[in-house]
Amino acid sequence: MAYQNLLVEKKGAVGVITLNRPDALNALNKALMDEMTLALDDYEADDDIHCIVITGSAKAFAAGADIKEMQPKSYMDVYKEDFITANWERATRCRKPVIAAVAGYALGGGCELAMMCDFIIAADTAKFGQPEIKLGVMPGAGGSQRLTRFVGKSKAMEMCLTGRMMDAAEAERSGLVSRVVPAGELMDEVLKVAQTVADMSLPIAMMTKESVNRAYETTLSEGVRFERRLFHSMFATEDQTEGMAAFVEKRQPQFRHR
Ligand code: CO8
């Protein structure tokens, strides 16, 4: 399917989605987010895709929600249309692993979108921020919650109250991104990582992300119980049989994703 605001490309078992509104630094408008929903639906339904990458341009992953689109809206508009929730959280409902590859600005809704992914790999040019307060609003797509869980209260509070940006090194130190790579190598590195994930058993990877995500939703003892039940269920998969047999037989596993 051809999109107006995205580029989609399959690289083996990795489905790449590139935000593509260069004139607006990939500002996230309704049309783009509607397309993102469709693209994620497509990759989720595609048995050949085992991992998804969301990325932007060298200058901007995304400079936030589209301010020009938001500006004329009234309270009644945003309340009635339940602005944001309709399609903004699609990335959080992905069952397949999703990696954000961030170069340049990831601000406001852009930072929030990156944080909805399973992990973030950043170029050394990346800049993260929740500058909404400068517009007379606050984060609205999970930023005040997810940023706080990533970097802790003090830093999240400072960023949300001042709108200051965090560079890639600070983002890595604070646990917002899994690692930082030179800008010119971002996509090569991310695709390598994505391919590594894609080579694992897909159902096991899906259960693993479900379990890690559970850590954000529940108590430690319930999370550990949830993990154990999923762990037990893995012994009903062909891929567990194959993975352990391959280790014992000193060969590479041939996962069949079932
Ligand atoms: N929305 C709309 N257009 C944008 C946005 C944006 N968020 N960001 C940049 N643009 C446009 C600019 O207006 C400009 O367009 P034009 O050429 O037509 O004037 C073009 O992109 C290039 O931008 P700049 O000339 O400003 O580029 P600079 O390199 O000088 O500056 C910055 C880059 C610092 C990133 C600057 O563009 C900026 O501050 N952008 C706004 C950042 C921001 O405030 N983001 C938060 C937005 S609010 C938000 O995200 C709320 C999320 C809640 C969820 C919403 C769900 C729908």
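Observations
- Unique match (being surrounded by fewer than 14 Cβ atoms within 10 Å (Cβ to Cβ), among the basic types (Lys, Arg) and either touching a residue at least 12 places away in the same chain (Cβ under 8 Å) or touching a Lys or Arg at 6+ places or on another chain (Cβ under 9 Å) (or both)) among LYS80, LYS59: LYS59
- Every residue from the range 1-30 that is among the small types (Gly, Ala, Ser) and at pLDDT 95 or above: GLY12, ALA13, GLY15, ALA24, ALA27
- Residue ID - surrounded by the most Cβ atoms within 10 Å (Cβ to Cβ), chosen from residues in the range 83-104 that are out of contact with any strand residue (DSSP E or B) (no Cβ under 8 Å at 6 or more places or on another chain), in a helix (DSSP H, G or I) and not polar (S, T, N, Q): ARG90
- The C-beta contact set for the range 129-151 (first residue over 27 Å from PRO72 (Cβ atoms), second residue surrounded by 19 or more Cβ atoms within 10 Å (Cβ to Cβ), distance under 6 angstrom, 6+ apart or interchain) comprises ARG146/MET115; LEU147/ALA156; THR148/ALA156; PHE150/LEU176; VAL151/LEU176.
- Residue pairs whose Cβ atoms lie under 8 Å apart, sitting 6 or more positions apart in sequence or on different chains, and linking a residue in the range 23-39 that is over 18 Å from PRO72 (Cβ atoms) and of a type in the set (Val, Ile, Thr) to a partner that is more than 7 Å from the ligand (Cβ to nearest atom) and outside any helix (DSSP H, G or I), are THR37/ASN87.
The values are calculated or read from the model by the stated rules, or taken from the named source; none is laboratory data. Predicted model only: the values in this text are computed from it and were never measured. Glycine also receives a Cβ, built like all others from the backbone with ideal geometry; neighbour counts cover every protein chain displayed.
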